[in-house]
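Notes follow once the structure below has been shown.
The values are calculated or read from the model by the stated rules, or taken from the named source; none is laboratory data. If you're wondering where the values come from, they're calculated on a predicted model, not measured in any experiment. So basically every Cβ, Gly included, is an ideal-geometry build from the backbone, and we count neighbours across all protein chains shown. Protein only, heavy atoms only, side chains kept; ligands, DNA and RNA dropped before computing areas. Shrake-Rupley method; radii C 1.70, N 1.55, O 1.52, S 1.80 Å.
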Amino acid sequence: MSDINKVLIVGGGIGGLCAAIALRRQGVAVDLVEIKTEWTVYGVGIIQQSNVVREMAKLGVLDRYLDAAYAFEDVGIYDVQGNPLARIPGQRLAGPEYPANVGISRLALHQVLSDTAVELGTQVRLGLSVAAYVDDSHGLEVTFTDNTQQRYDLMIGADGVYSKIRGMLFADTYTPRFTGQAVWRYNFARHPSIDHLATFTGAAGNAGLVPLADNLMYLFSTSHEPDNPWYATEQLAVTMRERLANMGGLVGELREQIIDDSQVVYKPMEVVFVDEPWFKGRVLLIGDAAHATTPHLGQGAGMAIEDALVLGEELFGDGSLPERLQRFMTRRFERCKYISENSILAGEREMARDPAFDRIGLTKAMLKLTAEPI
Ligand SMILES: Cc1cc2nc3c(=O)[nH]c(=O)nc-3n(C[C@H](O)[C@H](O)[C@H](O)COP(=O)(O)OP(=O)(O)OC[C@H]3O[C@@H](n4cnc5c(N)ncnc54)[C@H](O)[C@@H]3O)c2cc1C
């Protein structure tokens, strides 16, 4: 019988929910606390590549997930005028009957994962976090922010880039850093030509179009924002149009339709990487809490999902708890570090407007690495 019978997950985002699903499938009692009082996410989308489709199959949610998503095969790379540069064929890692890649709205992904976690018996409490804990080596005595207490065998900090649990483990050794860039996003009705992920790249700008559903796609664009400015809502649409000023083709046409300030999602890029084991005693970090990076390789959530899956596999193997958590680290550390460092590198080369930077080569290398078994 396992010594891990009751687990607390802190944070109900993509990583926390996937961990809840993986652990409930092993029969462990799972409590999940989420600080938001309303359990919602913002309404743009996310790219999920072939490794994620494979992991969704292993988590047992693939059919439901695909029903909520837009499946596609290839990634098209274009110049900023929309002229094709390269086509990277998809890899069907979940099996020949399943698609290579997926675009999904964040709301739809949250619904699939939260419905599955709750149906499997995860006990969710909203508007709550951890105030303190004592690790007495036989277990954790956790005090919540409502002053209640519970005992657990393991606590998983899945509380994102500004993780409170990371602060409890490592004080301020690891704090988020602004990279100098931000992302602009806006939803549109899907254009018939966007039946694949289309990225538009060059010294004059970077953007992408991601299909999310038959009638929905989103546009993203990265920009250099040197002093991390704050934009009032009424500045957002006009500033996003300015950032896309050099783009032609379909992106240029869509630019003129960016008129609703309230629909622009602006996000500065912030990164953090815990460069030592992500656990101490009975407390472990996963997802952005341990390794938040920039979206240039479209793998941040992918790494959080892989963390959850590998944890579900390693936590119930042989050996002591530190040995099992160390095996988790061995399978996760270098892979996440590669994604983290190379995503940041791609952003740095964009800011430097480096014409020699081989973005297509990096994308192919990333796809080769993430296709390998974890
Ligand atoms: C602009 C942008 C675009 C991106 N695009 C992609 C993409 O296309 N593909 C991809 O794979 N990844 C992408 N990512 C990365 C991806 O969004 C993250 O890697 C992913 O959301 C990480 O999941 P997580 O569960 O670790 O953290 P989060 O999604 O941040 O979830 C953390 C959860 O914890 C909760 N929380 C926070 N603090 C506390 C607390 N103290 N107590 C309790 N709960 C708490 C939060 O409310 C939240 O619900 C993108 C990121 C950005 C910024």
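Quick notes on this structure:
- Residue within region 287-299 that is more than 13 Å from the ligand (Cβ to nearest atom) and touching a residue at least 24 places away in the same chain (Cβ under 8 Å) present: no
- Checking each residue in region 185-222 for being open to solvent by 10 Å² or more (accessible area, probe 1.4 Å) and of a type in the set (G, A, S) picks out A189, S193, G202, A203, A204, G205, A213.
- Filtering G121, G160, G82, G95 for residues that are farther than 24 Å from E38 by Cβ, touching a residue at least 40 places away in the same chain (Cβ under 8 Å) and not in a helix (DSSP H, G or I) leaves a single hit, G82.
- Output for region 130-157, where each listed residue is touching a strand residue (DSSP E or B) at 6+ places or on another chain (Cβ under 8 Å) and part of a loop (DSSP other than H, G, I, E, B): G139, T145, N147, D153
- Any hit, region 209-222, residues being within 14 Å of the ligand (Cβ to nearest atom) and either modelled with pLDDT under 95 or of a type in the set (D, E, K, R) (or both): no
- Remark: pairs (first residue in region 30-53, near the ligand (Cβ under 9 Å from one of its atoms); second residue part of a helix (DSSP H, G or I) and among the β-branched types (V, I, T); Cβ separation under 6 Å; 6+ apart in sequence or on different chains) = V52/I305.
- The residue pairs whose first member lies in region 7-27 and is under 11 Å from G157 (Cα atoms) and within 15 Å of the ligand (Cβ to nearest atom), whose second member is assigned to a loop (DSSP other than H, G, I, E, B) and of a type in the set (K, R), and whose beta carbons are closer than 9 Å, counting only pairs six or more residues apart or on different chains, are G12/K36.
- Subset of region 35-58 (residues that are out of contact with any Gly (no Cβ under 8 Å at 6 or more places or on another chain), surrounded by 19 or more Cβ atoms within 10 Å (Cβ to Cβ) and in a loop (DSSP other than H, G, I, E, B)): V44
- Which listed residue is within 30 Å of A132 (Cα to Cα) and of a type outside the set (S, T, Y), from G281, G248: G281
- Selection status of A232, more than 27 Å from P84 (Cβ to Cβ) and of a type in the set (A, V, I, L, M, F, W, C): yes
- G249 vs. criteria of a type in the set (G, A, S) and more than 22 Å from the chain's Cα centre (by Cα): yes
- Those residues of region 126-143 which are closer than 18 Å to W39 by Cα and open to solvent by less than 60 Å² (accessible area, probe 1.4 Å), in sequence order: G127, L128, S129, V130
- When residues of region 226-244 are limited to those that are in a loop (DSSP other than H, G, I, E, B) and at pLDDT 95 or above, the one most open to solvent (accessible area, probe 1.4 Å): W230
- Members of region 245-286 that are under 15 Å from G157 (Cα atoms), away from the ligand (no atom under 15 Å from the Cβ) and either at pLDDT below 95 or in a strand (DSSP E or B) (or both): F279, K280
- Scanning region 72-80 turns up no residue that is open to solvent by less than 10 Å² (accessible area, probe 1.4 Å), closer than 23 Å to R166 by Cβ and more than 14 Å from the ligand (Cβ to nearest atom).
- Among the residues of region 299-335, the ones that are crowded, with 24+ Cβ neighbours inside 10 Å and part of a loop (DSSP other than H, G, I, E, B) come to 2 in all.
- Filter result for L32 (in contact with a helix residue (DSSP H, G or I) (Cβ under 9 Å, 6 or more places away or on another chain), modelled with pLDDT of 95 or more, of a type outside the set (V, I, T) and in a strand (DSSP E or B)): yes
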